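The values are calculated or read from the model by the stated rules, or taken from the named source; none is laboratory data. Since the structure is predicted, the reported quantities are computational estimates derived from the model, not experimental observations. In this analysis, Cβ positions are derived from the backbone assuming ideal geometry, glycine residues included, and neighbour counts consider all displayed protein chains.
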Amino acid sequence: MRSPEVYIKCVTDGRDYYVTSNGGYIKTIDQYSDMFSSILDGIVSNAFEDSTNKDNGLMNLQDAYAKVHEKINKANAKAQEKINKATRQQLKQQKTSSVDNYKLPILPKQLWSFCEAMQSKYASAKLYEKICDLAEALNQNTVFVTKIGYYIDSETTDPYLVVSSLSGKESFKQMAGDLEQFVNKAKDDSYKVHLFKLDNELTQQELELLCKYNDYCQKKISKDEAKSLATVRYKIGDVLILKSKIRDGSKRNYRKFVVKKIIWSINSNPVNIIIVKQVSGPITNMSLSKNDCKRYHIKYEENLQVYSMMMNFVKIVDKQ
């Protein structure tokens, strides 16, 4: 392909060909794409129209070259942008497809911490793999909560981790009491128990991390159970009204509260309580002390009170 300069020179000279080094003739139009030739034809046409205003009767070739290159560069940039856009769409489709085909289960960070800290790397990998399998069987994108037990075989002194195929509070009920007896009994029962032999007994750090995971499981189980019992859900900042009962013909009282904290469970026990700040109406309930606020992990304020979620609160829109 000839350069734009050669093409312009041929056209402005009135030739649609050029002479090759061996004396042959090649049409200039065959050496350029239709896009480039149309651009250049327009430039040359304009050059001849303006010939009366030019000393040499032609458009300045340097200006023509500049305009040609500018239009070519714009066309190339536009074409490249189309390629980039198509590439981005293809990558996006591939990424979406891979995510849709397989989703890693969401596992508690406490379980990750325990697996990463284990000295028995093979047992750690097998434990993680089994938990993923159990989570996937339940629901690919749901946290799988199950108790992980630890015991040392009384005869062989080999340390083991034990996991039940059941999740939630059922796994804790199953694995209550002596774990070794539970495992021996479970071998003849219908429910499945998975054993992971360890290379060494768990260190103090490993035991603490394992306890943190099991504590997390118990709290989550209690929280989920508490949520299942709640008929009304509250959030921090909700404005509530509580109406007192009419007694002996006295006027009904209205008390107004703002929700400051929601507590579903305490020490793995469902409680379903809310901590509220009373902002109007007669105060008839005991307010929290500074020590109470420390226990509930909330900043102390005056007139903070504890109520059950089961009270007949009415949510309102605070217009103040």
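Key figures for this structure:
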| quantity | calculated |
| --- | --- |
| Complete set of residues in the stretch 119-157 that are under 29 Å from the mean Cα position of the chain (by Cα) and part of a loop (DSSP other than H, G, I, E, B) | 139, 140, 141, 142, 143, 144, 145, 146, 147 |
| Residue check, residue 300 in contact with a strand residue (DSSP E or B) (Cβ under 8 Å, 6 or more places away or on another chain) and among the aromatic types (Phe, Trp, Tyr) | no |
| Which numbered condition residue 128 fails, given (1) more than 27 Å from residue 264 (Cβ to Cβ); (2) hydroxyl-bearing (Ser, Thr, Tyr); (3) touching a residue at least 60 places away in the same chain (Cβ under 8 Å) | (3) |
| Check on residue 149, more than 19 Å from residue 120 (Cβ to Cβ) and touching a helix residue (DSSP H, G or I) at 6+ places or on another chain (Cβ under 6 Å) | no |
| Count of the stretch 131-170 residues which are out of contact with any Asp or Glu (no Cβ under 6 Å at 6 or more places or on another chain) and in contact (Cβ under 8 Å) with a residue 40 or more places away in the chain | 10 |
| Pair list, Cβ under 9 Å, 6 or more apart: the stretch 210-229 residue surrounded by fewer than 17 Cβ atoms within 10 Å (Cβ to Cβ), other residue in a helix (DSSP H, G or I) and among the aliphatic types (A, V, I, L, M) | 216/111 |
| Criterion: within 32 Å of the chain's Cα centre (by Cα) and farther than 21 Å from residue 222 by Cα - qualifying residue of 195, 209, 161 | 161 |
| Among (1) farther than 17 Å from residue 127 by Cβ; (2) surrounded by 13 or more Cβ atoms within 10 Å (Cβ to Cβ) - the single one residue 183 does not satisfy | (1) |
| Flag if residue 261 is in a strand (DSSP E or B) and more than 25 Å from residue 107 (Cβ to Cβ) | yes |
| Residues of the stretch 185-196 satisfying the condition of being out of contact with any Phe, Trp or Tyr (no Cβ under 6 Å at 6 or more places or on another chain) and at pLDDT 80 or above | 192, 193, 194, 196 |
| Candidate set: the stretch 95-121, residues that are hydrophobic (A, V, I, L, M, F, W, C) and modelled with pLDDT under 85; chosen: the one nearest to residue 219 (Cα to Cα) | 107 |
| Residue list for the stretch 266-300, restricted to those being surrounded by 13 or more Cβ atoms within 10 Å (Cβ to Cβ), of a type outside the set (A, V, I, L, M, F, W, C), touching a residue at least 24 places away in the same chain (Cβ under 8 Å) and more than 30 Å from residue 172 (Cα to Cα) | 277, 278, 281 |
